[in-house]
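The structure under discussion appears below in the form of structure tokens.
The values are calculated or read from the model by the stated rules, or taken from the named source; none is laboratory data. Here the structure is a predicted model, which is why all the values come from computation and not from measurement. Positions of Cβ are generated from backbone atoms using ideal geometry, with glycine treated the same way; all protein chains shown enter the neighbour counts. Each accessible area value is taken on the protein alone, full model and side chains, heavy atoms only, with ligands, DNA and RNA left out. Shrake-Rupley method; radii C 1.70, N 1.55, O 1.52, S 1.80 Å.
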Amino acid sequence: MDAMDDHDDNDGAGYAWEKGFERTWEGVEEDEHGNIKTREEGQRRNRRVRRRVGGESIKRGMIRYLYLAIDLSKTMADGDMRPSRLAVTLRIVQDFVTNYFDQNPLSQLGILVTREGRAEKITELSGNPKAHMEALTKDSDTKGEASLQNLLEMACTSLRAVPEYGNREVVVIYSSLSTCDPGDIHETIAKLKTHKVRASVVGLGAEMFVLRRLTEETSGDYSIAGDENHYRESLMAQCTPPPTPPGREGAMFADLVRMGFPAETQDVFPSLGYSGNRQELSVSGYSCPRCKTKTSELPSECVICALPLVSSPHLARSYHHLFPVPQFDEIPAAAPAAAAAAASAGSAGGMGSGAGAGRATEEESASSSYCAGCLRDLSGLPRYRCPECRSAFCLDCDMYVHDSLHNCPGCC
Amino acid sequence: MRLDLDGLDVFFPYDFMYPEQYDYMLELKRSLDAKGHCLLEMPTGTGKTVCLISLITSYQFAHPEVGKLIYCTRTVPEMMKCIEELKRVIGYRKDQLGPEGEKVLALCLSSRRNLCIHERVIEESDREAVDGACRDMTASWVRKKAEAGGGGELCEFFEGYSANGSDAAMPNGIYSLDDLKEFGKEKGWCPYFLARHIINHANVLVYNYQYMLDPKVAGMVSRELEAESVVVFDEAHNIDNVCTEALSVDLDKRSLDAASRCLGKISSKVAEMKRTDQARLNAEYQRLVSGLADSGLGRASGGVAGSAAGAGGAAAAGGGGGGAAGAGASAGSGGGATEVAAAADAIPANPALPADILQEAVPGNIRRAEHFVSFMRKVVEHFKTRVRVQSVESETPLAFVHRMQQVTALERKPLKFAYSRLNSLLRTLEVTGLDDFRPLVDVADFATLVGTYTEGFAVVIEPTGSVVPGVYEPVMRLACLDASLAIRPVFERFASVVITSGTLSPLDLYPKLLGFSPVVRTALSMSTVRKCICPLVVTRGSDQLPMSTKFDQRDDPSVVRNYGALMIELAAIVPDGVVCFFTSYSYMEMIVSKWDELGVLKRVLEKKLIFIETKDVVETTLALDNFKRACDCGRGAIFLSVARGKVAEGIDFDRHYGRAVVMFGVPFQYTLSHVLRARLEYLRSTFQIREGDFLTFDAIRQCAQCIGRVIRSKTDYGLVILADSRYNRHDKRSKLPGWVLQFLDETHLNMSADNAAAMARMFLKDMAQPLDPLRLKGTMLDTKKVAARNREKTGKEQRNASELNPSAAAAAGGGGAVDGMEIE
């Protein structure tokens, strides 16, 4: 039945007859004017719509303690994603971990897995992306059934010790459609709730009631990955810190969190420094301002005195969550170009794409309009306008500005 | 939303409505305007109940001459649901109109078991025991004796009711069963008798089918309802079966033996009474001489003492003036007191329909108690010899009676009176524990029906009637073949009868079966936000061998294996709950044991737990409970069930409890059953309905019913696997209701198991994506859109009217336009 399982390791290059049905014709839709749209485009628009929810500035916790809990049951070996769910998952998790620390330099992450009805802790909470990935790739056998309860219990026990000011989170990647539990899972869910742990789930396959309930109770997100892209997107969405739940505001937060900004040191000879929990020889490193221990990577936590070590750019990076780029207004393709064109004139240089390009836009914007980002001709395309500086962008640039750049090139 | 629907001010308690709800109400209004019956199909989960209630109460409000709304449901939970919606509608009307809008008296009617508030009585185990315990304390002679100081316990609540309650009017309001009990406790009145009493003042009545259809019960409860009333049968897809069951009686050897024991008991009682209270017997005799019609039984036209003869599990009752025999016995007391006493002695009326009962005196040969006892003894003995058969016998009632006459020299006429006479006797003997005499009452029931009707019935005697195959346990069945018999009085009496359900397709069969002509006959499709049902017709296994439960194929190992493979596949890809329906218990048992041998069950158990429906209700309830728990906690479960079982009819598997429903085979009835054969024969000769058509219709309606179990609302979604090659045939498929067919694309037909699995995966993924609330709202109508729709409709109608003969169009009251909307 699952003949495809045997071909896990040849990277997506299986024979055509081994693949599932690819309904390419279903990806194409015709709009009311007879233009052909691909589904991908529709999905991107949907993503825009999804992002709109909660685009306003909300209070978000900057310091997150997150356990990534991965289901490594037999179902992970399924071949409905190429080459296998596991391979795709590992790839995406790798990006997630990097991205997570990139966007949340002050936060920590740990990895849990479940297989054979048990939960195992692969890595403790720490701030070192490399260590996590190494540990996970080393130990990623799929086996037996998944146990959601054990997973959550373990996450809850570990997160209980975390300081009050941090956001406690579990992100579960769940591939099975059932869970094999020793007790009543609803008690565990209640426990997570009392300990203010937010659980989000990215599911593979289909919607499961317990997961839905878990995420609703703990006000997390639940998404089911439709395909690989959606999977990646759903997981990456967890990189953005969640809004602070109403109950957590107020007195229990510490106003001040002690942090160290270590100075970079360059030695002539390689000396021992910490990289994660291991010691390594290195030439360059950072020395902890409190105990002078040498650490080779930032952001991290000092191994000796447990001081969070960050650099100021990291801190600055965390800010875009607090002051997000405003949602751009969508102007349908048929709308009069004049307003948008006029607006885009004053703002084209912002992308840093060179003065020449900037001038070109200015010159041409009078007649027709061009994207303020990539200078693409926008006639006949829907455009997206920044409400602040009124620059018009194409869909691609809109995505880029909001997802990666976190700054409107027109405004700055 | 308060909307103007074709000139009627409708109070609809929600801000938005689905387009099909609008259409539904429009159709309903047309049939009320035309004072005719209607047949409406609307998918489950689209808010049928609220539409019905909202429109009809608004109609009552605008046209006070319309009588009651009588809402018939199948179960107590449905009753609760209906009352809840009613409260919402009336609450909304109150908001809109102030106290004026609140003037409604609505109540539920149920058996003593559901309404009693006496601590000791309510602790009794079953319905009959509760009834008996109640009668022990409330029967007129018991009370009389107590009054005279003879001791005996009386029910304080009944006394409270008879002292004040019988005259007091009930304040307006909507009373569910619990509200009634609450009210009764507060006032110290018996809720059961109070409810029976205020039927006549109520605007809305909610009760069980049997109260309307079973002549034994309906004779007392529904007799005095005004003819202008609107009667609604909700979930009425099985109404023909309810009708036939109401008039069918089964007798087996054991119950006949018990009946003779009852006769022994009675004759000794008669002998004893002869010694002690000869006057009573004489009084009874005198009454019988003067005829049923004049003996104070007039109102009941044959309603005499007895007990619910159990046909179709009549939700027990009593009431009205049915028990006037008791009143006759205690004649002379004042009007009010008589009525109370009569209500207390209330017992089911004659099983035959009122119109068929002769207004004659009881024949001479059974007037005397001892004569009647020996008459009954002869009948029982004859039945006993008849039931001892080695091969199946099937004959018409006429032939049965003729043979009886030849053997026993008993005539047909006294047979007709057996039931009434027996009840009269039981009353005279002051029997309260009617439960003990049930077997005898059944026999009398049988005798009366077989003596009264010559058409539309069949007597079938089978040597192996029991559930255990191969055991000699003969049973004699009097089967009603004509569903229209029981329901005809309802159609004739009431102005509008609404028959509605989620599955009434094909619509043209019901009017034939039930013998009525609806003015409105429409199936509404479902407006959808997304394709929330995914029907897949799986005809082949992964190995391309056909799968079917056709008689010649069902035992084929490849069919069993392929069904097993399908099951394993589904267990792996469907989350939470899966419900499977088999065609019969025996087939389910067979296939499950084979799956066990093949190791299918073991592989399924890795993914999900398995629960099985059995014939035992308690066991099944337990299994269901655990099934739901397994779904709740994420373990996932499969429920194996039978298409005509209890689960298929009344249990909802909404949301995660039923993410997929699998039909293993087409649920045809057991075609070798003699009762069914007799019915088919009758349908063919009387209604020109072909056997095959009826069987397919019946099978597909069961199938649709099973499918309907999983979709209970629009935000819900479910996979429907029809695993039988026969579903691919157009004649089967096209009989599915419209709301399934609209999702059944060409690409979903004739699939193999692996194709279906791939499709199912995609469907489940799609459905798991969040539903855009804006889109959901987009399909719904708000006040503005409703107004627009109104204009559109009226415009169209005016055009139609001007095209046609204007006067004819107006006279048809919308009937003409409705015909155009028929969906076949």
Can you name every residue in region B:116-160 that is assigned to a loop (DSSP other than H, G, I, E, B), modelled with pLDDT of 80 or more and open to solvent by 40 Å² or more (accessible area, probe 1.4 Å)?
B:123, B:154
Flagged in region B:171-197 as in a helix (DSSP H, G or I), surrounded by fewer than 19 Cβ atoms within 10 Å (Cβ to Cβ) and modelled with pLDDT under 85, in numbering order, are B:187
Quick check on region B:448-458. Is at least one of its residues closer than 25 Å to residue B:127 by Cα and not in a loop (DSSP other than H, G, I, E, B)?
yes
For residues that are facing chain B (nearest Cβ under 9 Å), part of a helix (DSSP H, G or I) and either within 16 Å of residue A:70 (Cβ to Cβ) or open to solvent by less than 40 Å² (accessible area, probe 1.4 Å) (or both), tally how many sit in region A:179-195.
1
Of the residues in region B:30-58 that are farther than 20 Å from residue B:173 by Cβ and without any contact (Cβ under 8 Å) to a residue 60 or more places away in the chain, the one that is surrounded by the fewest Cβ atoms within 10 Å (Cβ to Cβ) is B:47
Looking at B:721, B:707 in this structure, which one is part of a helix (DSSP H, G or I) and not aromatic (Phe, Trp, Tyr)?
B:707
Quick one: is residue B:412 open to solvent by 50 Å² or more (accessible area, probe 1.4 Å) and basic (Lys, Arg)?
yes
Do the conditions hold for residue B:653, that is, is it in a helix (DSSP H, G or I) and surrounded by 20 or more Cβ atoms within 10 Å (Cβ to Cβ)?
no
Please identify the pairs in which a residue from region B:529-543 that is under 17 Å from residue B:654 (Cα atoms) and in contact (Cβ under 8 Å) with a residue 40 or more places away in the chain has its Cβ atom under 9 Å from the Cβ atom of a residue that is among the β-branched types (Val, Ile, Thr) and open to solvent by 10 Å² or more (accessible area, probe 1.4 Å), counting only partners at least 6 apart or on another chain.
B:532/B:715
The one condition residue A:223 fails out of (1) crowded, with 18+ Cβ neighbours inside 10 Å; (2) away from every other protein chain (no Cβ under 14 Å) is (2)
Which condition from (1) facing chain B (nearest Cβ under 10 Å); (2) touching a strand residue (DSSP E or B) at 6+ places or on another chain (Cβ under 8 Å); (3) open to solvent by 10 Å² or more (accessible area, probe 1.4 Å); (4) not in a loop (DSSP other than H, G, I, E, B) is the one that residue A:198 breaks?
(1)
Given (1) crowded, with 24+ Cβ neighbours inside 10 Å; (2) away from every other protein chain (no Cβ under 13 Å), number of the condition residue A:158 does not satisfy
(1)
Pairing a residue in region A:263-278 that is on the phi < 0 side of the Ramachandran plot with any residue that is among the acidic types (Asp, Glu), where Cβ atoms lie under 8 Å and the two sit 6 or more apart in sequence or on different chains, gives A:272/A:280; A:273/A:280; A:274/A:280; A:275/A:297
Answer yes if at least one residue in region B:726-743 is open to solvent by 50 Å² or more (accessible area, probe 1.4 Å), within 14 Å of chain A (Cβ to nearest Cβ) and over 26 Å from residue B:529 (Cα atoms), and no otherwise.
no
Kindly list the number of the only condition in (1) closer than 30 Å to residue A:258 by Cα; (2) touching a Phe, Trp or Tyr at 6+ places or on another chain (Cβ under 9 Å); (3) not small (Gly, Ala, Ser); (4) not in a strand (DSSP E or B) that fails for residue A:232.
(1)
Show the residue pairs meeting these rules: Cβ distance below 6 Å; 6+ apart or different chains; first residue within region B:470-492 and closer than 13 Å to residue B:449 by Cα; second residue polar (S, T, N, Q) and part of a helix (DSSP H, G or I).
B:480/B:244
Would you confirm whether any residue within region B:708-716 is within 30 Å of residue A:227 (Cβ to Cβ), of a type in the set (S, T, N, Q), out of contact with any Phe, Trp or Tyr (no Cβ under 6 Å at 6 or more places or on another chain) and open to solvent by less than 10 Å² (accessible area, probe 1.4 Å)?
no
Restricting attention to region A:201-220, which residues are assigned to a loop (DSSP other than H, G, I, E, B) and at the interface with chain B (Cβ under 8 Å from one of its Cβ atoms)?
A:205, A:206, A:207, A:208
Looking only at region B:577-585, decide whether some residue is small (Gly, Ala, Ser), within 29 Å of residue B:712 (Cα to Cα) and either modelled with pLDDT under 90 or crowded, with 22+ Cβ neighbours inside 10 Å (or both).
yes
Mind checking which residues of region A:266-295 are surrounded by 15 or more Cβ atoms within 10 Å (Cβ to Cβ), polar (S, T, N, Q) and closer than 13 Å to residue A:131 by Cα?
A:275
Would a scan of region B:509-516 turn up a residue that is open to solvent by 30 Å² or more (accessible area, probe 1.4 Å), modelled with pLDDT of 90 or more, under 28 Å from residue B:693 (Cα atoms) and not in a loop (DSSP other than H, G, I, E, B)?
no
Given (1) surrounded by fewer than 23 Cβ atoms within 10 Å (Cβ to Cβ); (2) within 30 Å of residue B:569 (Cα to Cα); (3) touching a strand residue (DSSP E or B) at 6+ places or on another chain (Cβ under 6 Å), residue A:166 misses just (2)
Which one is surrounded by the fewest Cβ atoms within 10 Å (Cβ to Cβ) among residues in region A:95-123 that are within 13 Å of the chain's Cα centre (by Cα) and free of Cβ contacts under 8 Å to residues at least 40 places away in the same chain?
A:98
Restricting region B:746-785 to residues that are of a type in the set (A, V, I, L, M, F, W, C), open to solvent by less than 60 Å² (accessible area, probe 1.4 Å) and closer than 19 Å to residue B:15 by Cβ, which is farthest from the other protein chains (Cβ to nearest Cβ)?
B:781
Would you mention how many residues in region A:297-319 are touching a Leu at 6+ places or on another chain (Cβ under 9 Å), part of a helix (DSSP H, G or I) and not hydroxyl-bearing (Ser, Thr, Tyr)?
2
Please go through region A:296-305 and pick out each residue that is closer than 15 Å to residue A:263 by Cβ and either touching an Asp or Glu at 6+ places or on another chain (Cβ under 7 Å) or open to solvent by 60 Å² or more (accessible area, probe 1.4 Å) (or both).
A:296
Look through region B:613-643, keep the residues that are away from chain A (no Cβ under 14 Å) and touching a residue at least 60 places away in the same chain (Cβ under 8 Å), and return whichever of them is most open to solvent (accessible area, probe 1.4 Å).
B:615
From the set of residues in region A:130-149 that are assigned to a helix (DSSP H, G or I) and open to solvent by 40 Å² or more (accessible area, probe 1.4 Å), which is farthest from the other protein chains (Cβ to nearest Cβ)?
A:130
